[in-house]
Amino acid sequence: FRFKKRDISNTIYKFITLNDTIICVAVVPVGVAFLTNRSSGSLLSTNTGCTAWFYLWVIGVRLSIFLVICLCSSRTYSLMRPFSTQKNLASLCCPGRNGHSALIPLL
């Protein structure tokens, strides 16, 4: 990953890998609860831990959908304009000057 060309597709793939790792880690407390006869364990037994897990899960799922939208958009752009660069698409998927993306309202 370190020496690959830095374009929008490779950047999106890196974010997808990171997001999938976060989702896999977020599933561990649920798996532990299922394997221990549905006892909540140490993380999900408190209100704060359960709320934090819920928000981590919701954000991870929505971010996954957003990243797939960005990846599909970059592939469509590449198919429609095979010889142009993807600088215009980067402004859609990556945060702008004010920290907001053009595709975030789609979530």
Just give me the residues in region 65-80 being open to solvent by 70 Å² or more (accessible area, probe 1.4 Å) and touching a residue at least 60 places away in the same chain (Cβ under 8 Å), in sequence order. Arg75
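The rows are residues; the columns are (1) at pLDDT below 85; (2) of a type in the set (Phe, Trp, Tyr).
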| position | (1), (2) |
| --- | --- |
| Asn10 | yes, no |
| Phe15 | no, yes |
| Cys24 | no, no |
| Ser64 | no, no |
| Leu67 | no, no |
| Leu71 | no, no |
| Arg75 | yes, no |
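Examine region 30-48 for a residue that is among the hydroxyl-bearing types (Ser, Thr, Tyr) and assigned to a helix (DSSP H, G or I), and state whether such a residue exists. Full working, then the answer.
Initially, region 30-48 is screened for residues among the hydroxyl-bearing types (Ser, Thr, Tyr), giving 36, 39-40, 42, 45-46, 48.
This time we only want the ones that are assigned to a helix (DSSP H, G or I), so: 48.
Yes, region 30-48 contains at least one residue that is among the hydroxyl-bearing types (Ser, Thr, Tyr) and assigned to a helix (DSSP H, G or I).
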Give me the pairs: first residue in region 42-64 and charged (D, E, K, R), second residue exposed (fewer than 13 other Cβ atoms within 10 Å of the Cβ) and at pLDDT below 85, beta-carbon distance under 8 Å, and six or more apart or on different chains, which are they? Arg62/Leu107
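The values are calculated or read from the model by the stated rules, or taken from the named source; none is laboratory data. These numbers come from a predicted model, not from an experiment. All Cβ positions, even for glycine, are placed from backbone atoms using ideal geometry, and neighbour counts span all protein chains on display. With ligands, DNA and RNA removed, areas are computed over all heavy atoms of the protein, side chains included. Shrake-Rupley method; radii C 1.70, N 1.55, O 1.52, S 1.80 Å.
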